[in-house]
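Structure record follows, encoded as structure tokens.
The values are calculated or read from the model by the stated rules, or taken from the named source; none is laboratory data. Nothing here was measured: the structure is a model prediction, and the numbers come from that model. Please note: Cβ atoms are built from the backbone with ideal geometry, for glycine as well, and neighbour counts cover all protein chains shown.
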Amino acid sequence: MKSLDALGITLPPPTAPVGSYLGAVRTGQLVFLSGHIAKKDGVPWAGRVGAEISREEATAAARSIAIDLLGTLHGAVGDLARVRRLVKLTVLVNGAPGFAEHHLVANGATDLFLEIFGAEAAPVRTSYGAQLPLNACVEIDLIAEVG
Amino acid sequence: MKSLDALGITLPPPTAPVGSYLGAVRTGQLVFLSGHIAKKDGVPWAGRVGAEISREEATAAARSIAIDLLGTLHGAVGDLARVRRLVKLTVLVNGAPGFAEHHLVANGATDLFLEIFGAEAAPVRTSYGAQLPLNACVEIDLIAEVG
Amino acid sequence: MKSLDALGITLPPPTAPVGSYLGAVRTGQLVFLSGHIAKKDGVPWAGRVGAEISREEATAAARSIAIDLLGTLHGAVGDLARVRRLVKLTVLVNGAPGFAEHHLVANGATDLFLEIFGAEAAPVRTSYGAQLPLNACVEIDLIAEVG
């Protein structure tokens, strides 16, 4: 695992749930994380991708969610070095009508994960368009395997 | 686990699949449940949330699905006391254009689960907007851990 | 398990990911597969179901994705006879406004799986409408249990 410091990343605290659920649940060797919406300056990063938000911005938003997911994962397992591999990401993109590049937005998250955990720890991924809570531009959830 | 009787809830029979799949599958200590759509008086509870269906109605629909999920889960494991914890809910809301409160609708389901199983058994959750089968207002699927 | 030959099916090679992720990840006895979009003649099978694509075509597209998923699953486990059961399918349908028969489209995939693996190996399923990458008409991901 690559040092987050070396990548200029400061691990945020776990994202607090905004309802009757948890941010992370461990079952066996799997840790499930709740859907995390994109935030900018601490508030929802809102807008439809391909309209108010460009694809480039959405890709940056996906990367920022990946960092938030790491914060929540760290809070759940105590040490990111215990993460054996990422298992699955679901990447939801708030696409304007006609948007069709959800997979490119998703690379914003998985590119960062590969840089940190290496290609051998890469997850599977499903990405598509959906209407999102608080009109967030991107939402991502994650399953990871821990040792 | 709190008694369903005390909450005035009668456990329904497992929801019958309407196609070539099962309502529940156990693998190891996990039980996966199929997406359950909202029903009212035995027929699909149809309409877009924020248009034909209010947010309050959708929240009640989410609660009613939670009860249907318990019926299916009971059928799969024989006794709800075997449920160690809820792992993950995916809550799909048939939002009218501009709807952005999927997370509040989702509380209709997870609030009930917390009341029944306690906060320590709470799941992670991902909620968003989607076009739903039979124009149902809400659809939810679930992963639970059993002992 | 029924022979693919007997069904006139030739197993395709694993679907290559188009980004920083894997087609399949094994964790414990579960194999997670990435979302696979429908393809026709090697290119994305594009269009909204209920508009440019009929429900019948979409059902055929779902069946063709099921075959692609088998190719990826075969690549991951070496031999489909190691598949103990299917656990979960998520079926995403690129529905035109007003489309409400996602569950019938999904049968295109699960009918084939039942024919191959038998009813006792059937998965749970969640199907709904979503905007899809490359405007594909259908996208499906899968979790299977292997021995």
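With respect to residue B:144, is the statement that it is surrounded by fewer than 20 Cβ atoms within 10 Å (Cβ to Cβ) and within 14 Å of chain A (Cβ to nearest Cβ) true?
Judged against the criteria, residue B:144 is not a match.
Hey, can you tell me all the residues within segment B:79-88 that are assigned to a helix (DSSP H, G or I) and in contact with a strand residue (DSSP E or B) (Cβ under 6 Å, 6 or more places away or on another chain)?
If the condition is that a residue be assigned to a helix (DSSP H, G or I) and in contact with a strand residue (DSSP E or B) (Cβ under 6 Å, 6 or more places away or on another chain), then B:82 is the only one that fits.
Select from segment C:3-39 the residues that are at the interface with chain A (Cβ under 7 Å from one of its Cβ atoms) and of a type in the set (A, V, I, L, M, F, W, C) and list them in ascending order.
C:18, C:22, C:24, C:25, C:32, C:33
If residue C:123 meets every condition in (1) more than 24 Å from residue C:1 (Cα to Cα); (2) more than 12 Å from chain A (Cβ to nearest Cβ) apart from one, which number is that one?
(1)
What number of residues in segment C:120-129 are within 12 Å of residue B:19 (Cβ to Cβ) and of a type outside the set (Ser, Thr, Tyr)?
Of the residues in that region, 4 qualify.
Being in contact with a helix residue (DSSP H, G or I) (Cβ under 9 Å, 6 or more places away or on another chain) and either more than 12 Å from chain A (Cβ to nearest Cβ) or part of a helix (DSSP H, G or I) (or both) is true for just one of C:76, C:60, C:51. Which residue is that?
Result: C:60 is the single residue among C:76, C:60, C:51 that is in contact with a helix residue (DSSP H, G or I) (Cβ under 9 Å, 6 or more places away or on another chain) and either more than 12 Å from chain A (Cβ to nearest Cβ) or part of a helix (DSSP H, G or I) (or both).
Any residue that is farther than 16 Å from residue A:145 by Cβ, away from chain B (no Cβ under 14 Å) and not β-branched (Val, Ile, Thr) - is there at least one of those in segment A:83-98?
So far as segment A:83-98 goes, yes, one or more of its residues are farther than 16 Å from residue A:145 by Cβ, away from chain B (no Cβ under 14 Å) and not β-branched (Val, Ile, Thr).
In this structure, is residue C:114 under 21 Å from residue C:143 (Cβ atoms) and surrounded by 17 or more Cβ atoms within 10 Å (Cβ to Cβ)?
Spelling it out, residue C:114 is indeed under 21 Å from residue C:143 (Cβ atoms) and surrounded by 17 or more Cβ atoms within 10 Å (Cβ to Cβ).
Report the residue count in segment B:99-111 for those that are hydrophobic (A, V, I, L, M, F, W, C), within 9 Å of another protein chain (Cβ to nearest Cβ) and crowded, with 24+ Cβ neighbours inside 10 Å.
2
Does segment B:69-77 include one or more residues that are surrounded by fewer than 19 Cβ atoms within 10 Å (Cβ to Cβ), of a type outside the set (Ser, Thr, Tyr) and under 20 Å from residue C:92 (Cβ atoms)?
no
Any idea which residue in segment A:21-55 is farthest from residue A:140 (Cα to Cα), counting only those that are surrounded by 16 or more Cβ atoms within 10 Å (Cβ to Cβ) and either modelled with pLDDT under 95 or of a type in the set (Val, Ile, Thr) (or both)?
Going through the qualifying residues, I end up with A:27.
Of these, C:23, C:47, C:95, which one is touching a Pro at 6+ places or on another chain (Cβ under 8 Å) and touching a residue at least 40 places away in the same chain (Cβ under 8 Å)?
C:23
If the requirement is being farther than 23 Å from residue B:122 by Cα, surrounded by fewer than 22 Cβ atoms within 10 Å (Cβ to Cβ) and small (Gly, Ala, Ser), which of these qualifies: B:81, B:16, B:60?
Matching residue, one of B:81, B:16, B:60: B:16.
State yes or no: is residue A:70 in contact (Cβ under 8 Å) with a residue 60 or more places away in the chain, in a helix (DSSP H, G or I), under 21 Å from residue B:87 (Cβ atoms) and touching a helix residue (DSSP H, G or I) at 6+ places or on another chain (Cβ under 8 Å)?
Yes; evaluated as a whole, the condition is true for this residue.
Of all the residues that make up segment C:89-133, how many are part of a helix (DSSP H, G or I), within 27 Å of residue B:96 (Cβ to Cβ) and hydrophobic (A, V, I, L, M, F, W, C)?
3
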